[in-house]
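The values are calculated or read from the model by the stated rules, or taken from the named source; none is laboratory data. Predicted model, so just to flag it, every value in this text is computed and none were measured. Here Cβ is always computed from backbone atoms with ideal geometry, including for glycine, and neighbour counts include all displayed protein chains.
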Amino acid sequence: MPLVPDSADQAPDHAHSDAATASRVAKARRLAAYLWARDISSAELLALPAPTLRKLARAAETNPPSTGETWRVVADLLDQKDAWAVRNPDHAAARRPHADEKLLWVKPPVTPWSARS
């Protein structure tokens, strides 16, 4: 007969098990690779609204993460890749093959019309 915990704080934490951590890292790597190719920085990523993050994940052919924790891992991976690309600018992996698609996800700030134009 399986043991049932007396309270919720005694229940196993499946979200932070080794398997869950490995799955989170694998998902984060897939997302980071997609974002890197599109020249989306960690700061830009973390500023995106939740609906856009879900669409980004689907575009990367990945189920959207259920927590912000995975997105923070993605941001960290992007920062690491940025630092690596600065140190290795001539390496093929330092190029961003789909940078033109950035505009689909990260909109530039809109400059308001001037009243005296």
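Scan segment 64-86 residue by residue and report those that are of a type in the set (Lys, Arg) and farther than 13 Å from VAL25 by Cβ.
LYS81
Quick test of your reading of the structure: LYS81 fulfils all but one of (1) of a type outside the set (A, V, I, L, M, F, W, C); (2) within 12 Å of the chain's Cα centre (by Cα); (3) at pLDDT 95 or above. Name the failing condition by number.
Condition not satisfied by LYS81: (2).
Could you tell me whether segment 89-112 includes any residue that is of a type in the set (S, T, N, Q), under 14 Å from ALA32 (Cβ atoms) and modelled with pLDDT under 95?
Checked segment 89-112: no residue is of a type in the set (S, T, N, Q), under 14 Å from ALA32 (Cβ atoms) and modelled with pLDDT under 95.
Given (1) farther than 19 Å from VAL106 by Cβ; (2) at pLDDT 95 or above, where does ALA33 come up short, assuming only one miss?
(1)
Being polar (S, T, N, Q) and more than 26 Å from THR52 (Cβ to Cβ) is the filter here; which residues of segment 63-117 pass it?
ASN88, SER114, SER117
Among what's in segment 1-25 and is surrounded by 11 or more Cβ atoms within 10 Å (Cβ to Cβ) and either modelled with pLDDT of 75 or more or in contact with a Leu (Cβ under 9 Å, 6 or more places away or on another chain) (or both), pick the residue that is nearest to GLU69 (Cα to Cα).
This residue is ARG24.
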